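Q: I have a structure I would like to understand better, so I am pasting it below and will then ask my questions one at a time.
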Amino acid sequence: MSDSPGPGRHLADGLLAEALRRAQHAAPDRLLAAIDPACRAAGVRDPVLYLVDHDGATLTPAPSPATGSGHPFPLPVGGSVAGDVFRSQVPAETTGPGGVRLWLPVSESRCRLGVLAVSADELDDERRRWCADL
């Protein structure tokens, strides 16, 4: 039996590598613009990066170009899905009129930084893995 990835996996991994390269070289206010093309090609859209404040009480959207989802508002760490993901470091999904919203913890080493949210019409395990790696 072979453990080789399917043909779609190589494309997704290439998109991930490109998104990460672009993000590493992007100015902070261009970070989401840098990953947006790869997100769209991977079948997810409207990325929003929420960064925790110094008090650990609020997740504030990072600067980004306008998206189709409107302008996001800050979210409380206590009492929100984003806050639950931030505290637990476990991804979560919500469903609404725009499809599925995937909420992913963002950290550097052991330092919790915030939450990345992306939307999709539907999610499969391959897309969830791609988003978690991003």
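The values are calculated or read from the model by the stated rules, or taken from the named source; none is laboratory data. Here the structure is a predicted model, which means the values were calculated and not measured. In this analysis, Cβ positions are derived from the backbone assuming ideal geometry, glycine residues included, and neighbour counts consider all displayed protein chains. Accessible surface areas use protein heavy atoms only, side chains included; no ligands, DNA or RNA. Shrake-Rupley method; radii C 1.70, N 1.55, O 1.52, S 1.80 Å.
Q: For region 98-120, name all the residues that are part of a loop (DSSP other than H, G, I, E, B) and touching a residue at least 24 places away in the same chain (Cβ under 8 Å).
A: Once the filter is applied, which keeps residues that are part of a loop (DSSP other than H, G, I, E, B) and touching a residue at least 24 places away in the same chain (Cβ under 8 Å), region 98-120 yields only 98.
Q: Mind listing whichever residues of region 88-97 are open to solvent by 40 Å² or more (accessible area, probe 1.4 Å), of a type outside the set (D, E, K, R) and part of a strand (DSSP E or B)?
A: Across region 88-97, the qualifying residues are 94, 95.
Q: Please indicate, with yes or no, whether at least one residue in region 37-57 is among the β-branched types (Val, Ile, Thr), modelled with pLDDT under 95 and out of contact with any helix residue (DSSP H, G or I) (no Cβ under 7 Å at 6 or more places or on another chain).
A: yes
Q: From the list 133, 55, pick out the single residue that is over 21 Å from residue 23 (Cα atoms), open to solvent by 70 Å² or more (accessible area, probe 1.4 Å) and among the charged types (D, E, K, R).
A: 55
Q: Do you know which of the residues in region 28-39 that are more than 12 Å from the chain's Cα centre (by Cα) and within 16 Å of residue 16 (Cβ to Cβ) is least open to solvent (accessible area, probe 1.4 Å)?
A: 34
Q: Need the failing condition index for residue 126 against (1) open to solvent by 40 Å² or more (accessible area, probe 1.4 Å); (2) within 22 Å of residue 13 (Cβ to Cβ); (3) not in a helix (DSSP H, G or I), just the number.
A: Residue 126 satisfies every listed condition except (3).
Q: Follow-up question, since we're still on this one. May I ask you to list pairs of residues, at least six apart or on different chains, whose Cβ atoms are under 9 Å apart, with the first in region 74-87 being assigned to a loop (DSSP other than H, G, I, E, B) and the second being hydroxyl-bearing (Ser, Thr, Tyr)?
A: Sorted first by the residue in region 74-87, then by its partner, the pairs are 74/50; 74/58; 74/60; 77/58.
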